[in-house]
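Before any comments, here is the structure.
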Amino acid sequence: MCSQVDPVESISFPNFVLAQSGVSAAVRRQLSRAAELPDWVLNTTDTMVSSNFQLRLWELLEHELAEPDIALHVGAVNTLGHFGVHDYLFGTAPTLGGGLARSEEYAELITTNVGFAVLGEPEDEAVADIRLLSGLGRGRQLATQFALAAVVTRARNATGRNVHPIRIRFRQPAPRRHDRFVEMFGTRRVDFGAQTDQITFRASDLSLPLRTADPVLAEILREHTAILPPPPRLEVTWSGQVHQALTLLLGDGRVTIDRVARYLATSRRSLQRRLADEGTTWTRELDRARAALLEQRVQLSPGDTQTALARRIGYADPGTLRRARHRWSSRN
């Protein structure tokens, strides 16, 4: 599968998010299973998994903790060393600007779902454009918040200076309160509803030396990276991809096979054929996703009304949900 169909990222991302969220080990296991991450994956560091896992984890964490700023909190503890060779390529650069350039050059070591570019206009400013290439809904918003917060935190740690961006821009709509954003980024110029997600640094900040600069080690890492085999990848079946897409799309407008096919960059007919090859159908996968989401929601939020539960899994009213539950139970 090409990265356009199924963008992937290092399992280090879900591992880091779970480890830094503050939840107990038992809740980590519960959330990872709710996101359908196999248990064995959480014990490795060199596997690539679908980016949808991280998006789903953010939604589950926000709901579990009732903490809308959870992504900023986790991004604020992004010290060097959590993301393998990519981190050390950044950290051995001579300056912050050089480190960001290496992050751009070697981004695919850790993700194919992030577009990253640093532009230098006007002369006294430098814009870091950071955008998720795939993903929808609240999970995308939280993952983007984490990405921008993590970049600023890394800049501060690597330079030993309290780097304050000139401006931060988010594509997401404005939240009810954004004081935590101001606190995190150190600027009141935090804009929402922008055309892109980006950080505007002072050009002078990009000239700051990195405390871990090491040109000899940097060259060794570059040579090592050039001969590295691609990391193993957790393969996802087409029914698995449909399930991941549905966990993100259900509750966000009307979900149809055509919408899911567009999301997976394929056609309706091709998707139906691939599901048939795996011995399943669109209707069966839609029911499976709804039943799984319902079970998760009941466990994570037992106080939800039947109306709220119905809307979360894509039904218009509690009556439709009640009939669906009867249908699912009759199959067991």
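The values are calculated or read from the model by the stated rules, or taken from the named source; none is laboratory data. Keep in mind that this is a model prediction, so the values were computed, not measured. Here the Cβ is made from the backbone with ideal geometry for all residues, glycine too, and neighbour counts use every protein chain on show.
Some points to look at:
- Failed criterion for Thr79 (all others in (1) surrounded by 16 or more Cβ atoms within 10 Å (Cβ to Cβ); (2) in contact with a helix residue (DSSP H, G or I) (Cβ under 8 Å, 6 or more places away or on another chain); (3) not acidic (Asp, Glu) hold): (1)
- Residue among Glu9, Glu62 that is in contact (Cβ under 8 Å) with a residue 24 or more places away in the chain, in contact with a helix residue (DSSP H, G or I) (Cβ under 9 Å, 6 or more places away or on another chain) and either among the basic types (Lys, Arg) or closer than 21 Å to Glu295 by Cβ (or both): Glu62
- Close pairs from the stretch 153-167: first assigned by TED's automatic domain parsing to the domain that holds Asp129, partner of a type in the set (Ser, Thr, Tyr) and part of a loop (DSSP other than H, G, I, E, B), Cβ under 6 Å, at least 6 apart: Asn157/Thr79; His164/Thr187; Pro165/Thr187
- Total residues in the stretch 143-178, condition out of contact with any Asp or Glu (no Cβ under 8 Å at 6 or more places or on another chain), surrounded by 19 or more Cβ atoms within 10 Å (Cβ to Cβ) and assigned to a loop (DSSP other than H, G, I, E, B): 1
- Residue within the stretch 120-129 that is without any contact (Cβ under 8 Å) to a residue 40 or more places away in the chain, over 28 Å from Leu228 (Cβ atoms) and surrounded by fewer than 21 Cβ atoms within 10 Å (Cβ to Cβ) present: yes
- Residue within the stretch 12-29 that is in the same structural domain as Leu148 (by TED's automatic domain parsing), among the aromatic types (Phe, Trp, Tyr) and outside any helix (DSSP H, G or I) present: no
- Unique match (being of a type in the set (A, V, I, L, M) and over 29 Å from Thr112 (Cβ atoms)) among Ala245, Ala289, Ala324: Ala324
- Checking the stated criteria, Phe181 turns out to be part of a helix (DSSP H, G or I), touching a helix residue (DSSP H, G or I) at 6+ places or on another chain (Cβ under 8 Å) and aromatic (Phe, Trp, Tyr).
- Flag if Ala218 is under 30 Å from Val118 (Cα atoms) and surrounded by fewer than 17 Cβ atoms within 10 Å (Cβ to Cβ): no
- Number of residues in the stretch 90-106 that are under 24 Å from the mean Cα position of the chain (by Cα), part of a helix (DSSP H, G or I) and surrounded by fewer than 22 Cβ atoms within 10 Å (Cβ to Cβ): the value is 4.
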